[in-house]
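Take a look at the structure below.
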Amino acid sequence: MSALFVTGGLVASGSAGASAATQSTDVDRWVVPETQQGGEYWTAERMRTATPGDVLVVDNVASAGRSDVEVGQEKKVTKQSRNPKVTPTATQQTPVDHIGKVFFTLGGSDYVCSGNAISAANESTVATAGHCVNEGPGAFASRLVFVPAYENGAAPFGQWNATELYAPTQWTSGGDITYDTGFAIVSSPTGVTLSDTVGASGVAFNDGRGLTYSAFGYPAAAPFTGNTLQSCSGTATDDPYAQSESQGIPCDMTGGSSGGPWFIGSGSAGYQNSVNSFGYNNVANTMFGPYWGSVIESAYAAAAA
């Protein structure tokens, strides 16, 4: 079996807090207590020193040799446009307003991932990697915040505290890397919804395999610094070891980029259809992302309501 590394937050052991989550057949939900929300915790210094966590998580791939990913009817949710009447609190410093960094605490340590605002009825939903919201299996993250349009320490739209976290039970209970996707509902620092402030990408589920994608994220491990948004593109191919149903694209982004969006086609205007998830140590310059089938669609539907 090939070694696996994660491109964002640490996947650690432990179960503190997991018992308080609400679980359905396919979806695990965690209502974040106010005392465990980000609040004023994330100073510029804490953001700068947060660990990208590109660590080995062989256990998450050991049980993933599967070919039974549930699929269903193809579904697309159209994008939501930014409200032109909403003025950001600072100058925009990145070309993609709805993509940002995700900061969180897990196991007593601070970590960083990437995320993207997505279309939702609540207009306040962020997509990221499952291991950026839950240990897989184990506890949910605390102090999780989304910082859209982050660049070089600037946060032109402020910090958005997560109030609820969602992930497939296949991840939260089994750590199955095939389902490494999570969603966060965030509260507004201004009273204006996330999608009205930065816009929100459309999402797609149960699409074909082998599509061409553009992936975005904030890689923080060398040779990157995590200060700027990076992107890759290419045609998806299957996991060469058949240890998951994830697909890989040519990409050399490193730790910190986990949870960054994969858009169908070129650029950031397409439908989001996966996230940065993991890479193999001996498969050079390849980023893998989960196939967004019916299970992940269920997690999205619960979060987006």
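Some observations on this one:
- Of all accessible heavy-atom area on the range 121-191, the percent that carbon and sulfur account for (1.4 Å): 42 percent
- Efficiency of FRET from Cβ geometry, Ser173 and Asn122, R₀ 35 Å, rounded to 0.05: 0.90
- Chain lengthening between Ser188 and Ser294 when straightened (0.36 nm per residue, less Cα-Cα): 35.2 nm
- Computed E for Arg209/Val31 - FRET, C-beta separation, R0 35 angstrom, nearest 0.05: 0.50
- Accessible area of the range 96-147 divided out per residue, in Å², using a probe of 1.4 angstrom: 15 Å²
- In this label model, Ala242 and Thr228 are separated by 4.2 nm, measuring between points 7 Å along each Cα→Cβ vector.
- Surface analysis of the range 151-305 yields an accessible area of 28 Å² per residue, using protein heavy atoms and a 1.4 Å probe.
- Charge tally in the Cβ shell below 13 Å around Asn122, where Lys, Arg are +1 and Asp, Glu are -1, Asn122 excluded: -3
- With R₀ fixed at 35 Å, the C-beta to C-beta distance from Asn152 to Ala269 puts the FRET efficiency at about 0.90.
- The range 198-293, accessible surface, carbon-and-sulfur percent (1.4 angstrom probe): 50 percent
The values are calculated or read from the model by the stated rules, or taken from the named source; none is laboratory data. It should be emphasised that the depicted structure is a prediction, and the values quoted were computed from it without experimental measurement. A quick note on method: Cβ atoms are made from the backbone with ideal geometry, for glycine too, and the neighbour counts reach across all protein chains shown. All accessible areas refer to the heavy atoms of the entire protein, side chains included, with ligands and DNA or RNA removed. Shrake-Rupley method; radii C 1.70, N 1.55, O 1.52, S 1.80 Å.
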